[in-house]
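The values are calculated or read from the model by the stated rules, or taken from the named source; none is laboratory data. All of these numbers come straight from a predicted model, not from anything done at the bench. In this analysis, Cβ positions are derived from the backbone assuming ideal geometry, glycine residues included, and neighbour counts consider all displayed protein chains.
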Amino acid sequence: MYLNAHSHRKALKKDEIVCRNAFHFLNADTIRELAYPVSVGIHPWHSSECMENSESKLSELLLLPNVLALGEAGLDRVNGPLMQIQMECWEMQFQLAHRLKMPIIVHCVRAWQDIFPYCKCSEVPILLHDFRGNEQILQQFLPLELVYFSFGKSLFAENKIETVFKKIPANRLLLETDASAIQIEDIFKKAASLRNKGLAELCEQMKKNGHLFFGEKSLAFF
């Protein structure tokens with residue numbers, strides 16, 4: 001089984017389990033009818049859509065049985081509205097995740113120092129999805145035991161990412177396709193090669209890590 005921890009599409013094969021990104025504007029009935037697990041959150045690019053009723057609507061969606069995490073949410077200093085707007089939306093979701101004891105899938109682009117204080121004080125698991133931080137940034141986040149790191153297409157394109165990837169503890173790693181067209185099986189094979197692990201061993205470790213990150217709800221799906 002290939003656990004795809006974060007994707008914008010459904011599973012393509014029977015041996016793939018996907019936690020699909022579901023946008024915040026979907027209603028509860030639509031999400032409830034999905035036969036697979038999802039995450040729900042307000043992406044930083046859509047932070048300007050964060051309204052007074054966003055928190056209550058998100059609360060309703062996060063309580064659905066197939067919603068495993070809040071996300072993706074976070075901060076982006078390259079794209080999206082003003083950082084003040086992004087920060088207000090992010091803080092609301094961070095506090096909500098803690099009230100509901102939900103893990104958070106984080107989108108972070110050139111905002112590591114902004115997101116770090118939240119990771120440091122977090123009491124719920126946080127996944128830094130499509131992690132592209134350098135070794136210095138990695139060393140800053142590694143002591144935070146509730147922080148996980150997810151990798152995908154960057155494993156094929158950037159040598160510096162390979163170096164960082166090899167230094168992630170086995171129990172803090174997840175794999176994803178995000179919005180890419182790359183097959184999750186190919187990402188697993190690349191990851192296994194880089195870490196000198198057997199494919200079956202890596203699959204089992206990712207499943208275990210997925211249960212640790214997503215929590216009890218995930219047991220119904222993988």
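Couple of notes before you dig in:
- Of all residues making up the stretch 144-184, the number that are part of a loop (DSSP other than H, G, I, E, B) and either in contact with a strand residue (DSSP E or B) (Cβ under 7 Å, 6 or more places away or on another chain) or under 18 Å from residue 20 (Cβ atoms) (or both): 10
- Within the stretch 19-30, the presence of a residue that is surrounded by 15 or more Cβ atoms within 10 Å (Cβ to Cβ), among the aliphatic types (A, V, I, L, M) and at pLDDT 95 or above is excluded.
- Residue match in the stretch 201-214 (condition: touching a Pro at 6+ places or on another chain (Cβ under 7 Å) and either within 23 Å of residue 9 (Cβ to Cβ) or of a type in the set (S, T, N, Q) (or both)): yes
- Boolean, residue 189 is in contact (Cβ under 8 Å) with a residue 24 or more places away in the chain and either part of a loop (DSSP other than H, G, I, E, B) or out of contact with any His (no Cβ under 6 Å at 6 or more places or on another chain) (or both): no
- Scope the stretch 192-205; condition charged (D, E, K, R) and not in a helix (DSSP H, G or I); matching residues: 197
- Screening residue 154 on (1) surrounded by 16 or more Cβ atoms within 10 Å (Cβ to Cβ); (2) without any contact (Cβ under 8 Å) to a residue 24 or more places away in the chain shows it passes everything except condition (2).
- The strands (runs of 3 or more DSSP E) found entirely in the stretch 1-90 that carry 2 or more residues being hydroxyl-bearing (Ser, Thr, Tyr) and closer than 22 Å to residue 131 by Cβ are 2-7.
- Taking the listed residues 176, 123, the one that is surrounded by fewer than 20 Cβ atoms within 10 Å (Cβ to Cβ), within 28 Å of residue 36 (Cα to Cα) and modelled with pLDDT of 95 or more is 123, with no other qualifying.
- In the stretch 44-59, the residues that are farther than 14 Å from residue 96 by Cβ, surrounded by fewer than 20 Cβ atoms within 10 Å (Cβ to Cβ) and either among the hydroxyl-bearing types (Ser, Thr, Tyr) or touching a strand residue (DSSP E or B) at 6+ places or on another chain (Cβ under 7 Å) (or both): 45, 48
- For beta carbons closer than 6 Å, sequence separation of 6+ or different chains, a first residue in the stretch 52-80 that is at positive phi and touching a residue at least 12 places away in the same chain (Cβ under 8 Å) and a second that is of a type in the set (A, V, I, L, M) and not in a loop (DSSP other than H, G, I, E, B), the qualifying pairs are 71/104; 71/105; 74/106.
- Looking across 118, 36, one residue alone is aromatic (Phe, Trp, Tyr) and closer than 26 Å to residue 145 by Cα. It is 118.
- Taking the listed residues 194, 155, 202, the one that is closer than 20 Å to residue 107 by Cβ and either among the acidic types (Asp, Glu) or at pLDDT 95 or above (or both) is 155, with no other qualifying.
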